[in-house]
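A quick write-up on the structure given underneath.
The values are calculated or read from the model by the stated rules, or taken from the named source; none is laboratory data. Owing to the predicted nature of the structure, the values given are computational and were not obtained by experimental measurement. For neighbour counting, all protein chains shown are included, and Cβ atoms are generated from backbone atoms with ideal geometry for every residue, glycine included.
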Amino acid sequence: MHGLVLTDYEQEMLNGQHGEAVAMCMRLVVGVARANQAPRLVEIESAHADGCLYHGIAGLEYTEKLVELGAKVKVRTTTNVSSLDLLHPSLMKADALFSANSRRLMDAHLAIGCEATWTCAPYQTGHRPAFGSQIAWAESNAIVFANSVLGARTDRYGDFLDIAAAIVGRVPFSGLHTDAGRKAVLVLDFSDISRELLDEESSWPSIGALLGDIAGSKVVALLGLPGNLSDGGLTEDRLKGLGATAASSGGVGLFHVVGVTPEAPTLAAVVGPNVATMKISTAQLRASRDRLTTAVGDGLDAVSLGTPHFSLAEFAALTKELEIGTKFAESIDFYVSTSRGVLKRAEELGYDKILLNAGGRIVTDTCTYVTPILNPNIKTVMTNSGKWAWYAPGNLGIDTILGSVKECVASAIAGKLVRNDALWQ
Amino acid sequence: MTLSGNKILTGRALHPGVGTGEVLVLDQPISFWGGVDHHGVIIDVHHPQCGQSVAGRVLIMHSGRGSSSATAVLAELIRAKKAPAAMLFTECDTILVIGALVAAELYAISIPIAELSPSDYSKLPTSGCVTVSASTETLIATIS
């Protein structure tokens, strides 16, 4: 028999004494606890729900069933991206039924008590759980960010369990919730990579793609990477891009950057004895970057930034590249995806106008690769995002080019690919 | 290799159910979201088995990968009857277990999922038809 022990209160919830919604959610949490061989459940302080992105009838029927049964979240719960841009509906190219079902799914989440954040980067719009806190987050990039950069504790949850956990206020005490589950089992050493190359933006998603490939879902410590999480956002955004890509090419839920991330002041703090170390070469990093580019030649139709959602610091860096009067080439569609929360602050600082005047478009509440936004004639898209580059060829049937924000802007102005490969040789 | 006659392997049940189908062994893990379309066809261009269908197959892979939306994609595939008949891993993939749990709640269709030891995993057939029978009451899955 499994060793799962429930408290009296948890047993009552499971038995239906707190209503059928709570009982159904407990059946899911307990089902996962048994699969994970968790000894008990643990109370959570926060949740991030991924189920508001429309994938079909099943997700809608599940969430509306919870509403019908009167379910309410017990902890602060933010919402991930949806399939609609409610602030810029004219950008949407989805059909009427898809749009109507997507809207119903969003409304159902609000009815359960979730906050209308509609972002894959809740951590950059005011939802930052404390170091060491137990949480139930879904959305692979948000999971790896919360664990690695914030030092909060969530396992890799998906749609359905996130909201179920928020409704019962508990998750299985296993995996990344436990001290033992957070120890690195492998070290990747980047000390052979030049500092100049590590200061290139594209190095970070490339490190992420490599990490995902090597790690699978294991916890890895990264050694020899620069960074300071108090530098105003640069390091945070680099690690955001790294983690998002690692959670796409692999199932990474937590990584440690020695000397940078909060659980890893030293290598000894995050690894057990006799852990293997792999030295990473520039050639490996280059190969990893090249995997994120599927296009051949210098043709370009569009640029997409902001996956995960653009932060205020990224907006500041982007607008610095845009001088007054800069215009993107007529042939290039230029998209930036962000949260409504960050957009509001960007508007206060005038960043939005600079981008719009150059010919850019801003997408909120959703993302350019999860719902029909791009023009159907677009074939090749440049992005600074390893995650976008990883998924877009399958989701959208287009080719991708990975580059820095600076290179994306230069390419959008030139109307064709402009990328400096000198450092990568 | 096929399992001969009455050969049986056992594993740890992650989700209960009984399923029979043609084996599909994946050389690399896959994320259902972004990796498998609504018909159950693998669309991940990075995947060596891109173009093959998982529908009705006994899907064998070390573990899932990537997006946490894979739960919803699996539940939707189960609803549309385009899901694998069963799944066998060497590492428990919570994200796919959740999709199976929700589909069982909503549609009363229960897809067996089980975890095998690496040595038993290597004994699995690479072609032919197998049946997976998993019970979470006893936490045992049999593959015959």
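Points worth noting:
- The residues on offer are A:172, A:205, and the sole one that is crowded, with 22+ Cβ neighbours inside 10 Å and more than 18 Å from residue B:68 (Cβ to Cβ) is A:205.
- Options A:230, A:206; residue that is part of a helix (DSSP H, G or I), modelled with pLDDT of 95 or more, more than 22 Å from residue A:273 (Cβ to Cβ) and of a type in the set (S, T, N, Q): A:206
- Odd one out for residue B:71, checked against (1) in contact with a strand residue (DSSP E or B) (Cβ under 9 Å, 6 or more places away or on another chain); (2) of a type outside the set (A, V, I, L, M, F, W, C); (3) assigned to a loop (DSSP other than H, G, I, E, B): (3)
- In the set (1) touching a Cys at 6+ places or on another chain (Cβ under 8 Å); (2) surrounded by fewer than 23 Cβ atoms within 10 Å (Cβ to Cβ), residue A:272 fails one condition alone, (1).
- For the range B:86-98, a residue qualifies if it is crowded, with 24+ Cβ neighbours inside 10 Å and more than 7 Å from every other protein chain (Cβ to nearest Cβ), and the qualifying residues are B:86, B:87, B:88, B:93, B:96.
- The range A:290-329, subset in contact (Cβ under 8 Å) with a residue 60 or more places away in the chain and charged (D, E, K, R), residue surrounded by the most Cβ atoms within 10 Å (Cβ to Cβ): A:314
- Qualifying residue in the range A:321-333 (condition: over 25 Å from the mean Cα position of the chain (by Cα) and among the hydroxyl-bearing types (Ser, Thr, Tyr)): yes
- Residue count for the range A:80-119 under the criterion of being in contact (Cβ under 8 Å) with a residue 40 or more places away in the chain, farther than 11 Å from residue A:54 by Cβ and among the polar types (S, T, N, Q): the result is 3.
- Yes/no for residue B:83 being over 27 Å from residue A:24 (Cβ atoms), part of a loop (DSSP other than H, G, I, E, B) and within 12 Å of the chain's Cα centre (by Cα): no
- The residue of the range A:33-42 that is farthest from the other protein chains (Cβ to nearest Cβ), among those that are at pLDDT 95 or above and either surrounded by fewer than 24 Cβ atoms within 10 Å (Cβ to Cβ) or under 30 Å from residue B:37 (Cα atoms) (or both), is A:40.
- Residue-level analysis places residue A:400 outside the set of residues that are buried (at least 18 other Cβ atoms within 10 Å of the Cβ) and closer than 27 Å to residue A:103 by Cα.
- Any hit, the range A:137-157, residues being without any contact (Cβ under 8 Å) to a residue 60 or more places away in the chain and out of contact with any strand residue (DSSP E or B) (no Cβ under 6 Å at 6 or more places or on another chain): no
- Flag for residue B:102 being farther than 22 Å from residue A:215 by Cα, at pLDDT 95 or above, surrounded by 24 or more Cβ atoms within 10 Å (Cβ to Cβ) and at the interface with chain A (Cβ under 9 Å from one of its Cβ atoms): yes
- Among the residues of the range B:41-75, those identified as small (Gly, Ala, Ser) and facing chain A (nearest Cβ under 7 Å) are B:63, B:64, B:66, B:67, B:68, B:69, B:70, B:72, B:75.
- In the range A:156-203, residue farthest from the other protein chains (Cβ to nearest Cβ) [restricted to those that are part of a loop (DSSP other than H, G, I, E, B) and under 17 Å from residue A:254 (Cα atoms)]: A:179
- For the range A:45-95, filtered to residues that are of a type in the set (Lys, Arg) and either assigned by TED's automatic domain parsing to the domain that holds residue A:396 or not in a loop (DSSP other than H, G, I, E, B) (or both), the residue that is nearest to residue A:339 (Cα to Cα) is A:76.
- Pick from the range B:105-126, criterion within 15 Å of the chain's Cα centre (by Cα) and farther than 20 Å from residue B:32 by Cα, ranking: surrounded by the most Cβ atoms within 10 Å (Cβ to Cβ): B:116
- Some residue of the range A:43-58 being surrounded by fewer than 20 Cβ atoms within 10 Å (Cβ to Cβ) and more than 11 Å from every other protein chain (Cβ to nearest Cβ): yes
- Failed condition for residue B:50, given (1) more than 17 Å from residue A:251 (Cα to Cα); (2) not in a loop (DSSP other than H, G, I, E, B): (2)
- Qualifying residue in the range B:76-84 (condition: touching a residue at least 12 places away in the same chain (Cβ under 8 Å), surrounded by 16 or more Cβ atoms within 10 Å (Cβ to Cβ), more than 7 Å from chain A (Cβ to nearest Cβ) and over 30 Å from residue A:396 (Cβ atoms)): no
- Hits in the range A:267-288 (condition: more than 14 Å from chain B (Cβ to nearest Cβ) and either part of a helix (DSSP H, G or I) or touching a His at 6+ places or on another chain (Cβ under 6 Å) (or both)): A:270, A:282, A:283, A:284, A:285, A:286
- Qualifying residue in the range A:213-230 (condition: among the acidic types (Asp, Glu) and away from every other protein chain (no Cβ under 14 Å)): no
- For the range A:245-266, the count of residues that are assigned to a helix (DSSP H, G or I), surrounded by 15 or more Cβ atoms within 10 Å (Cβ to Cβ) and without any contact (Cβ under 8 Å) to a residue 40 or more places away in the chain is zero.
- Breaking point among (1) more than 30 Å from residue A:334 (Cα to Cα); (2) crowded, with 24+ Cβ neighbours inside 10 Å; (3) within 14 Å of chain B (Cβ to nearest Cβ), for residue A:146: (1)
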